[in-house]
Ligand code: SF4
């Protein structure tokens, strides 16, 4: 059995740790590229949401590299994420690939199905070993989220552009190589120190930008056209509301993002009173929260044809007017280019910066 999964942010660190701990074989798809996108776009239905196509491209490249078992996290609610695994399975089967699709649903109501699928994946390994591997992998993922957050917060201070991102890449490798649970806190500390040691310039009162939107697009740098890095390089202090380990946590408690789902839902309630699937309600809620916290602008990232985020996009102009924070929605698909997004972000950051200067002159 050779297991594979699509790229999504730092998920690779947790997945490889869990599988290495269990001694299970896996195939890493090549890093996402234009080829990945073209493969997914060609094989996927035209009106499928963009992440379905990009993850399909990852799967095709993984199958080409010898994978025979594909893992997909499943979702629920009024959005198409719950159909991904089945759509991938049908499309890839019709293309002639032979494989088994295994879905993992991180929801308390679906524990029996989750247990069945884990039983298949664990290949006879004792449950205690599975528990230890999951504990280790998830602890690593939490540590990586903290490291990523530090990088996100400090990138705008880089004396030399790209040094924080280079240190972050080194930190990913270091965390991936940690082979025992006891070594995790020390490795996390070293990675944070490595980031702290990046030479920095002095910046007072930076422009502050929040990123909200569809979970995959917020987490996956290749397909969101490195929005975080672009904003940091433009001198913006950046925060985002979606973190891998918050997102898979079933309790709604978000220790990395810092706000419980209930808090964000309450903030969204004057505009949206129920979930519309995906992160739609939190896109609204966090826009309000960022305005309350003194941010100067919100970048909303959504894939083309995403239903929950299209609903949020329609509501955001009213939220923006009411809470007094500019919002830009970037709809991303296979036609989007980094240069075009960069131009729009530059204009937006300039607007947010002048708004901040204006506000500080008033006080
Ligand atoms: S949140 Fe949007 S893009 Fe993501 S799976 Fe749901 S509909 Fe598709």
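The values are calculated or read from the model by the stated rules, or taken from the named source; none is laboratory data. Note that the coordinates shown come from a computational prediction; the quantities given were computed from them, not determined experimentally. Cβ coordinates were reconstructed from backbone atoms using ideal geometry, including for glycine residues, and neighbour counts include every protein chain displayed.
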Residue within segment 77-89 that is part of a strand (DSSP E or B) and away from the ligand (no atom under 11 Å from the Cβ) present: no
Answer residue from segment 264-292, given it is without any contact (Cβ under 8 Å) to a residue 40 or more places away in the chain and closer than 24 Å to residue 347 by Cβ and is farthest from the ligand (Cβ to nearest atom) among those: 291
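Give 242, 289, 281 a once-over and let me know the one that is part of a loop (DSSP other than H, G, I, E, B), out of contact with any strand residue (DSSP E or B) (no Cβ under 7 Å at 6 or more places or on another chain), modelled with pLDDT of 95 or more and buried (at least 23 other Cβ atoms within 10 Å of the Cβ). Step through it out loud before you land on a result.
Values: 289 fails: part of a loop (DSSP other than H, G, I, E, B); 281 fails: part of a loop (DSSP other than H, G, I, E, B).
Just one listed residue meets the conditions, 242.
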Selection status of residue 229, within 16 Å of residue 341 (Cβ to Cβ), at pLDDT 95 or above and touching a helix residue (DSSP H, G or I) at 6+ places or on another chain (Cβ under 7 Å): yes
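Taking the conditions exactly as written (at pLDDT below 95, surrounded by fewer than 18 Cβ atoms within 10 Å (Cβ to Cβ) and out of contact with any helix residue (DSSP H, G or I) (no Cβ under 6 Å at 6 or more places or on another chain)), does residue 355 satisfy them or not? So that I can check it myself, show each step before the final result.
Working: at pLDDT below 95: yes; surrounded by fewer than 18 Cβ atoms within 10 Å (Cβ to Cβ): yes; out of contact with any helix residue (DSSP H, G or I) (no Cβ under 6 Å at 6 or more places or on another chain): yes.
It is true that residue 355 is at pLDDT below 95, surrounded by fewer than 18 Cβ atoms within 10 Å (Cβ to Cβ) and out of contact with any helix residue (DSSP H, G or I) (no Cβ under 6 Å at 6 or more places or on another chain).
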Filter result (surrounded by fewer than 17 Cβ atoms within 10 Å (Cβ to Cβ) and within 15 Å of residue 319 (Cα to Cα)) within segment 245-278: 266, 269, 270, 273
Segment 90-110, residues that are under 25 Å from the mean Cα position of the chain (by Cα), more than 16 Å from the ligand (Cβ to nearest atom), in a helix (DSSP H, G or I) and surrounded by 12 or more Cβ atoms within 10 Å (Cβ to Cβ): 92, 110
Residue selected from segment 316-341 under the condition assigned to a helix (DSSP H, G or I) and in contact with a helix residue (DSSP H, G or I) (Cβ under 6 Å, 6 or more places away or on another chain), by the criterion nearest to residue 53 (Cα to Cα): 319
